2 protein chains.
Amino acid sequence: MGPAPRRTRRVQVGHLGIGGGEPVRVQAMTKTDTRDTQATLDQIRALEVAGAEIIRLALPDPESLASLARLRPHTTAPLVGDVHFDHRLAVGALEAGADKIRINPGNIPDPARLRQVVEAAKQRGVPIRIGINSGSVPMALVREYGGPNARAMVAAAVQTATLFEEWGFSSLVISLKSSSVAETIEANRLLAAQLDYPIHLGVTAAGPALQSAVRSSLALGPLLMQGIGDTVRISITGDPGREVEVAWEILRALGLRQRGPIVVSCPTCARCHHPDLPALVERISTRLAQADVSASITVAVMGCEVNGPGEAREADLGIALSKTAAHIFRQGRVIAHVPIAQAEQALLKQIEALLREKPAPPDKGP
Amino acid sequence: MGPAPRRTRRVQVGHLGIGGGEPVRVQAMTKTDTRDTQATLDQIRALEVAGAEIIRLALPDPESLASLARLRPHTTAPLVGDVHFDHRLAVGALEAGADKIRINPGNIPDPARLRQVVEAAKQRGVPIRIGINSGSVPMALVREYGGPNARAMVAAAVQTATLFEEWGFSSLVISLKSSSVAETIEANRLLAAQLDYPIHLGVTAAGPALQSAVRSSLALGPLLMQGIGDTVRISITGDPGREVEVAWEILRALGLRQRGPIVVSCPTCARCHHPDLPALVERISTRLAQADVSASITVAVMGCEVNGPGEAREADLGIALSKTAAHIFRQGRVIAHVPIAQAEQALLKQIEALLREKPAPPDKGP
């Protein structure tokens, strides 16, 4: 959908590419105390299972660096070290085996110190993300642009990228994050028009799951539809697995990536012929969540005859209820009518059959 | 943000206007059996408390009409009767006191029957929503356009609106709903370019809450940012209160409406200085949810010194933690430093003070 994606340079993060025609990558961040090596490794693995392709760890102190070095041999996940304030931690992250580091020029203002980080990254062939947040734009730029706004964020990114280029380093990813939807869109559009580095997208401090799902979708949607954005991270106050879930929902709904089955289900109303359709949908979703992620099928569960037959017909597998029966559709054709009490069982049987047969389509790149 | 909204005609639904410069209205739909008068009335009231401004009821049979007539005197909420298949139910809905009716020309194909509905609506001065769903586009148009796609939906709407205009009726709202994000955007953009009736937006069969929040935001965001959309309804398989919550989140995040306090909170990571920030955020949110909806304040809860001070400074009230203390900001200035163990108590105290003082800003129309 929409125009061709913006063509960016490509950077390599562990075994994965970002930008340059690669699919939009799903990132996550651990929320454990990084010094707790086992807990952090466990969360990295859980996030990988949930669908995270790149995983970031906060490295606030030397003990966290030591923990990263200890867990590094135990995972092939592309790991990003997130560093603030102290440039020595960024150099240490590279030594500990980070596949990318994220620094925030808003809190490492000294060019001599930044240069040490850049030289260390250059030596190891590891990319750097210049991560600008509206909450930590350098004060000089905040004053120049009249606030920590979109133009101030873009100026901070361009300033740092230009410095890095002068030092012969261009293995960069850039992010401009704000907690405002409008500012996120404006800043990233301005950035995409000025630089051709891959862009990491996210809304910062977006709040609890449902609120973040709304704000992140509103901000990232128009950008991704325009071809802007090479990696995404959804910020949620709560379970990091939900961050990955929302990221995939966004990419799937925009047709940019495929991953696992999709459920289409009606909101129910007085017309619904099932005594508890939400519970039925939850059970069907639970079964589908166990399917292989390569099974990109759509299953529709519809409670009445208004839009039920239409939606069920458009899905790979669908069920539409009427007063007297459940009608089961497969690839657009009715294949069975069963009593409503047997609807769930019949649908599950068809799901099993479809999952056995359905070949996995290739993942869509942008 | 964005361009001026599209100027539409205005229709009156009970005591509320839709279109013609009115704020974007939040709709909801009851999920009770409409025949159960008390349960339906209770749900109407609960939805009003949650923030629904217009409430739709499915009217699948004469018993539901009788129930609508019984509950009508007990609520001033603008009520919409949702009718399919049988035009006599639409006429009956008008007689029972509906402030608007929604019909689907995909399942009332006979013009003579449609005309009876239009004449009854004209006589009572009640508007009609022409509600097209991709799942129930008239078959002739599906064939003509090669599928139940955006162009087929627009053609169905234009065809019906033209017919109604020929009969001297133009108190119309139009909706084109699909379960696809891309199709929803395309169809409504085409529609907005062709007709100047108010548009009701929604993604149909969007699934459970988090999935629907993503799909609805992705589809409605670009339209609302462009000024397209006069009312919204979010379809969620589950609690109807969540539909209203997501609708308001969307409108607030786009700056189109204001309603109640907004929480900005960080996702937490290894840097977080609070032992359980998500639980703290939940308690703060619970308190703020009890505030009057006119209290449009923003409260930031941030776990560390990276973006914490910046986000806290931008909020009306904010708390940013450091290793040794919680720093409390009010309207951009630090007003207190307290031990982290007292952070919650201190923040709640400031919230109470702010809620007592803060004057309610006027609701922003588009």
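The values are calculated or read from the model by the stated rules, or taken from the named source; none is laboratory data. Owing to the predicted nature of the structure, the values given are computational and were not obtained by experimental measurement. Please note: Cβ atoms are built from the backbone with ideal geometry, for glycine as well, and neighbour counts cover all protein chains shown. Note: accessible area is taken over every heavy atom of the protein model, side chains too, but ligands, DNA and RNA are not part of it. Shrake-Rupley method; radii C 1.70, N 1.55, O 1.52, S 1.80 Å.
Structure values in brief
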item: Checking residue B:266 against (1) in contact with an Asp or Glu (Cβ under 9 Å, 6 or more places away or on another chain); (2) at pLDDT below 95; (3) open to solvent by less than 20 Å² (accessible area, probe 1.4 Å); (4) outside the structural domain of residue B:322 (by TED's automatic domain parsing), the condition it does not meet; result: (4)
item: Those residues of the range B:318-328 which are open to solvent by less than 10 Å² (accessible area, probe 1.4 Å) and either on the phi > 0 side of the Ramachandran plot or within 14 Å of another protein chain (Cβ to nearest Cβ) (or both), in sequence order; result: B:318, B:319, B:320, B:321
item: Complete set of residues in the range B:91-133 that are under 25 Å from residue B:183 (Cβ atoms), in a loop (DSSP other than H, G, I, E, B) and free of Cβ contacts under 8 Å to residues at least 40 places away in the same chain; result: B:104, B:107, B:108, B:109
item: Selection count, the range A:190-228, where residues are under 15 Å from residue A:176 (Cα atoms), in a loop (DSSP other than H, G, I, E, B) and within 13 Å of chain B (Cβ to nearest Cβ); result: 4
item: Residue in the range B:65-72 that is hydroxyl-bearing (Ser, Thr, Tyr), assigned to a helix (DSSP H, G or I), touching a strand residue (DSSP E or B) at 6+ places or on another chain (Cβ under 7 Å) and modelled with pLDDT of 95 or more present; result: no
item: Odd one out for residue A:328, checked against (1) over 22 Å from residue B:238 (Cα atoms); (2) in a helix (DSSP H, G or I); (3) β-branched (Val, Ile, Thr); result: (2)
item: Evaluation of residue A:72 against (1) surrounded by fewer than 23 Cβ atoms within 10 Å (Cβ to Cβ); (2) closer than 23 Å to residue A:192 by Cα; (3) not aromatic (Phe, Trp, Tyr) (one fails), failing number; result: (2)
item: Any hit, the range B:139-159, residues being open to solvent by 10 Å² or more (accessible area, probe 1.4 Å), farther than 19 Å from residue B:205 by Cβ, in contact with a helix residue (DSSP H, G or I) (Cβ under 6 Å, 6 or more places away or on another chain) and aromatic (Phe, Trp, Tyr); result: yes
item: In the range B:14-59, the residues that are of a type in the set (Val, Ile, Thr) and either outside the structural domain of residue B:171 (by TED's automatic domain parsing) or open to solvent by 60 Å² or more (accessible area, probe 1.4 Å) (or both); result: B:49
item: Positions within the range B:229-271 being assigned to a loop (DSSP other than H, G, I, E, B) and more than 8 Å from chain A (Cβ to nearest Cβ), in sequence order; result: B:229, B:230, B:233, B:234, B:239, B:256, B:257, B:258, B:259, B:260, B:261
item: Residue B:307, sole failed condition from (1) at pLDDT 90 or above; (2) within 13 Å of chain A (Cβ to nearest Cβ); result: (1)
item: Considering residues of the range B:109-137 that are within 27 Å of the chain's Cα centre (by Cα) and at pLDDT below 95 only, the residue nearest to the other protein chains (Cβ to nearest Cβ); result: B:135
item: Pairs, first facing chain B (nearest Cβ under 9 Å) in the range A:170-187, second part of a strand (DSSP E or B), C-beta under 6 Å, six or more apart; result: A:177/A:133; A:179/B:264
item: Residue in the range A:44-64 that is nearest to residue A:257 (Cα to Cα), counting only those that are part of a helix (DSSP H, G or I) and within 14 Å of another protein chain (Cβ to nearest Cβ); result: A:50
item: Selected residue (criterion: farthest from the chain's Cα centre (by Cα)) from residues of the range A:156-189 that are under 21 Å from residue A:234 (Cα atoms) and part of a loop (DSSP other than H, G, I, E, B); result: A:180
item: Close pairs from the range A:198-227: first assigned by TED's automatic domain parsing to the domain that holds residue A:174 and closer than 18 Å to residue B:207 by Cα, partner assigned to a loop (DSSP other than H, G, I, E, B) and open to solvent by 10 Å² or more (accessible area, probe 1.4 Å), Cβ under 6 Å, at least 6 apart; result: A:209/A:238
item: Of the criteria (1) modelled with pLDDT under 95; (2) open to solvent by less than 30 Å² (accessible area, probe 1.4 Å); (3) at negative phi, which one residue B:249 fails; result: (1)
item: Meets criteria (over 14 Å from the mean Cα position of the chain (by Cα), surrounded by fewer than 24 Cβ atoms within 10 Å (Cβ to Cβ) and over 23 Å from residue B:99 (Cα atoms)) for residue B:207; result: no
item: Some residue of the range A:28-39 being assigned to a helix (DSSP H, G or I), touching a Ser or Thr at 6+ places or on another chain (Cβ under 8 Å) and free of Cβ contacts under 8 Å to residues at least 40 places away in the same chain; result: yes
item: Pairs where the first residue, in the range A:273-285, is more than 9 Å from every other protein chain (Cβ to nearest Cβ) and the second is basic (Lys, Arg) and surrounded by fewer than 16 Cβ atoms within 10 Å (Cβ to Cβ), C-beta under 7 Å, 6+ apart; result: A:273/A:323
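Per-residue answers, yes or no, for (1) open to solvent by 70 Å² or more (accessible area, probe 1.4 Å); (2) small (Gly, Ala, Ser); (3) within 14 Å of another protein chain (Cβ to nearest Cβ); (4) in contact (Cβ under 8 Å) with a residue 12 or more places away in the chain:
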| site | (1), (2), (3), (4) |
| --- | --- |
| A:291 | no, yes, no, yes |
| A:294 | no, yes, no, yes |
| A:339 | no, no, no, yes |
| A:344 | no, no, no, yes |
| A:348 | no, no, no, yes |
| A:352 | no, no, no, no |
